[in-house]
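The values are calculated or read from the model by the stated rules, or taken from the named source; none is laboratory data. Treat the numbers as computed from the prediction; the structure is a model and nothing was measured. Every residue, glycine among them, receives a Cβ derived from its backbone with ideal geometry; neighbour counts consider all protein chains shown. Accessible surface areas use protein heavy atoms only, side chains included; no ligands, DNA or RNA. Shrake-Rupley method; radii C 1.70, N 1.55, O 1.52, S 1.80 Å.
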Amino acid sequence: MRNPIRSEADAFRFVLLTIGYFALIVIGSVINVWVGVAVFVVLTLAILWWFASRGGDEPPTKQTPAPSPPGEYRILVVANETVGGSELLQTIRARVDAAERSTQVLVVCPALNSPLRHWASDEDDARAAAQNRLDASLDAMRAAGVVAEGEVGDGDPIQAIEDALRTFRPDELIVSTHPPGRSHWLERGVVEKVRERFELPVTHVTVDLAAR
């Protein structure tokens, strides 16, 4: 069975629904014990149905972006704190060299935030930090001869990719993470979800910042 909670947004909705679930049961019980029982039964059945509908074995429908413009090869890079890693730059440089067309690179750096700040819509610091990392990475890429642009994306890397696909139309994806054991993205199965969700070649790059 697939996990019905597939993103941070799903997790936040689940927390809100849980709070509302218990609140409604308490309110119903205050009115009348049997009202509380009825609310409990109805809400429990609704939650079970939701989990069943979200947790089926069917794979997600793959999204196929529109083709890139003629004569261009486009690479979409999604990276967290590892966006400035030399391993990532080397991989991008190799992919650009291997392309037989004019190459454009779009680097998306998700605004990493704590759940509490995300819930409070306090993303200014997270976006500023992501922009600083992105600017340094773009400077290094351009110095290496890579034609690259960048943007700060949604804190959810899957959503950040979906947002970029609407305008950039890449030919391939590169996802950069910390090594196993130190990567929240790997713990959440982000790379696997990217491969399941998008009909594009996906390269996973591991950057060990601690080794520096």
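Some notes on this structure:
- Options LEU200, LEU186, LEU138; residue that is assigned to a loop (DSSP other than H, G, I, E, B) and either open to solvent by 20 Å² or more (accessible area, probe 1.4 Å) or touching an Asp or Glu at 6+ places or on another chain (Cβ under 8 Å) (or both): LEU200
- Annotation: of all residues in segment 74-101 being farther than 20 Å from THR167 by Cα and not in a helix (DSSP H, G or I), the one that is farthest from the chain's Cα centre (by Cα) is GLU100.
- Scanning segment 154-212 for residues that are of a type in the set (Lys, Arg) and under 17 Å from GLN90 (Cα atoms) turns up just one, ARG212.
- Of the residues making up segment 154-170, those that are open to solvent by less than 40 Å² (accessible area, probe 1.4 Å) and over 9 Å from the mean Cα position of the chain (by Cα) are ALA164, LEU165, PHE168, PRO170.
- Listed conditions (1) open to solvent by less than 10 Å² (accessible area, probe 1.4 Å); (2) modelled with pLDDT of 95 or more are all met by PRO110, apart from (2).
- Tabulated pairs, segment 16-38, first at pLDDT 85 or above and basic (Lys, Arg), second open to solvent by 60 Å² or more (accessible area, probe 1.4 Å) and not in a helix (DSSP H, G or I), C-beta under 9 angstrom, 6+ apart or interchain: none
- Inspection of segment 71-85 identifies no residue that is among the hydrophobic types (A, V, I, L, M, F, W, C), open to solvent by 40 Å² or more (accessible area, probe 1.4 Å) and at pLDDT below 95.
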